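J.: Sharing a structure, written as structure tokens. Questions coming.
Please treat every number below as a calculation from the coordinates, not as lab data. Source: prediction; values computed, not measured. Glycine also receives a Cβ, built like all others from the backbone with ideal geometry; neighbour counts cover every protein chain displayed.
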Amino acid sequence: MPAPDLVFEIEGMSHCTSVDDARLHINKGEPVTLIVHGCFLSAGRFRALADVFAFHGQQTICFNYDDRDRISDSAAQLNQALAKLSEKIDTDQITVIGHSQGGLVARQSVSEFNDAQALSKKTKISLATISGPFGGIESSKHCGWRWLHLASFGITTAVCQAVTGSKWTEIPPDSRFIQNPTPLNTNVVRFLKINTDETETCRRHDAEGRCIEDDYVFSLAEQSHPVLDQLEIVKQATVKAGHVEIVGDSITAPDKLIRVLQQGGYMRDTPAERQAAFRDLLDQLYVMN
């Protein structure tokens with residue numbers, strides 16, 4: 001890693017650890033990769049992935065937000081944080097990677113919706129999303145049925161808000177947020193959309209090797225969008241992997257994700273002479289936890 005030469009704080013940003021320290025230590029002349037977590041996760045969940053980037057000489061930070069807030073509000077907060085980051089660093093290269101709901105937040109943060117907090121025109125954003133439910137979350141579709149809210153005298157409204165938080169109006173498949181995505185702003189120079197085929201995947205096995213918890217969260221249909229998928233800037237990759245497996249967990253290294261990110265130019269290639277050392281690192285970060 002290049003030696004850090006700048007220490008600063010930006011609300012919502014931190015290093016990808018569970019340590020309660022908001023100070024960022026980075027090299028201002030080097031590109032920055034920013035990871036945006038999904039539901040029920042935090043910056044600390046991506047510490048190992050940040051170490052994978054560090055092995056390849058890339059500095060990584062994380063964005064923290066309340067996953068029960070409106071997605072558009074979280075996206076506006078991320079946009080403001082990105083604008084402040086772009087003012088602090090000398091490089092114009094920022095990569096934003098969002099997993100699951102973090103993919104929605106990341107994409108919306110660099111859309112024309114946020115022009116009021118526009119990024120510097122010099123900033124070039126490389127966007128990558130992983131398992132993002134761009135087609136809406138099927139299990140929440142009843143939250144978009146206005147007739148049901150009226151017929152239940154508001155009970156379903158209360159239930160939807162209690163379960164999902166303030167974002168309950170944005171995540172149904174027929175919501176305005178899903179149906180009419182705001183165009184990306186001109187800062188985005190490339191967009192890698194990684195879809196996961198999560199059918200018949202497993203998150204946890206018992207002692208006999210039987211699956212006791214699947215790793216299925218979103219279908220490919222939920223990750224698809226008829227407008228977004230047709231944009232010329234969008235490059236897609238579909239990977240057979242579980243929702244958690246794709247980003248790595250306590251026993252599985254994110255080999256599939258690493259391969260796709262390297263093929264797309266989002267992560268530097270691993271030199272041949274360092275392959276063994278990299279494998280050892282992955283064993284330490286994931287398999288031996």
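J.: HN-Hα J couplings of segment 105-111 from phi, Karplus 6.51/-1.76/1.60, θ = phi - 60°, integer Hz, Gly and Pro as x?
T.: Coupling constants for segment 105-111: 4, 4, 5, 5, 5, 10, 9 Hz.
J.: A further question on this structure: How high is the FRET efficiency from GLU273 to ASP51, r the C-beta distance, R0 30 Å, rounded to 0.05?
T.: Approximately 0.95, to the nearest 0.05.
J.: ³J(HN,Hα) across segment 177-182 via Karplus (A = 6.51, B = -1.76, C = 1.60, θ = phi - 60°), whole Hz, x for Gly/Pro?
T.: Taking θ as phi minus 60°, the curve returns 4, 7, 5, 10, x, 5 Hz for segment 177-182.
J.: In addition: GLU87 to ASP214: FRET efficiency via 1/(1 + (r/R0)^6), r the Cβ-Cβ distance, R0 51 Å, to the nearest 0.05?
T.: 0.70
J.: Also: What distance in nm separates the two pseudo spin-label positions at ALA22 and LEU6, each 7 Å out from Cα along the beta-carbon direction?
T.: It works out to 1.8 nm between the two label points.
J.: Sketch the reach of a paramagnetic label on SER120 as a point 7 Å from Cα along Cα-to-Cβ, and name the residues of segment 23-55 whose backbone nitrogen lies under 11 Å away.
T.: Once the point is set 7 Å along Cα→Cβ of SER120, 29 turn out to lie under 11 Å by backbone N, inside segment 23-55.
J.: Restricting the count to DSSP beta bridges whose residues both fall in the chain, what percent are antiparallel, rounded to a multiple of 5?
T.: Of those bridges, close to 25 percent are antiparallel.
J.: Only one of the values [x] 19.2, 60; [y] 18.4, 57; [z] 19.1, 66 was calculated from this structure for Rg and Dmax of the Cα atoms in Å; name its label.
T.: Recomputing Rg and Dmax of the Cα atoms in Å here picks out [z].
J.: Right, something else. Rounded to the nearest 500, what is the chain's calculated 222 nm mean residue ellipticity when only DSSP H runs of at least 4 contribute -39500 (n - 2.57) each, over all residues? Let's see the in-between values first.
T.: Values: 8 runs with 73 residues, N = 289.
About -7000 deg cm²/dmol.
J.: For labels at ASP229 and CYS39 in the simple 7 Å Cα→Cβ model, what's the distance in nm?
T.: The modelled label-to-label distance comes out at 2.2 nm.
J.: Under 5 Å between amide hydrogens, which residues at least 5 positions from ARG203 or on another chain qualify, with H placed 1.01 Å from N in the peptide plane?
T.: For ARG203, whose amide H was placed from the backbone, the distant partners under 5 Å are GLU213, ASP214, ASP215.
J.: Taking the highest mean first, how do the peptides 213-222, 46-55 order by number of other beta carbon atoms within 10 angstrom per residue?
T.: Order by mean packing, descending: 46-55, 213-222.
J.: In straight Cα distance, which aspartates and glutamates are under 20 Å from LYS124, not counting same-chain residues fewer than 8 positions off?
T.: In chain and number order, the partners are GLU30, GLU87, ASP90, ASP92, GLU112, ASP115, GLU232.
J.: On a straight-distance basis, which lysines could pair with LYS122 in a cross-link, Cα separation under 20 angstrom, same-chain partners fewer than 8 positions away excluded?
T.: LYS28, LYS84, LYS88
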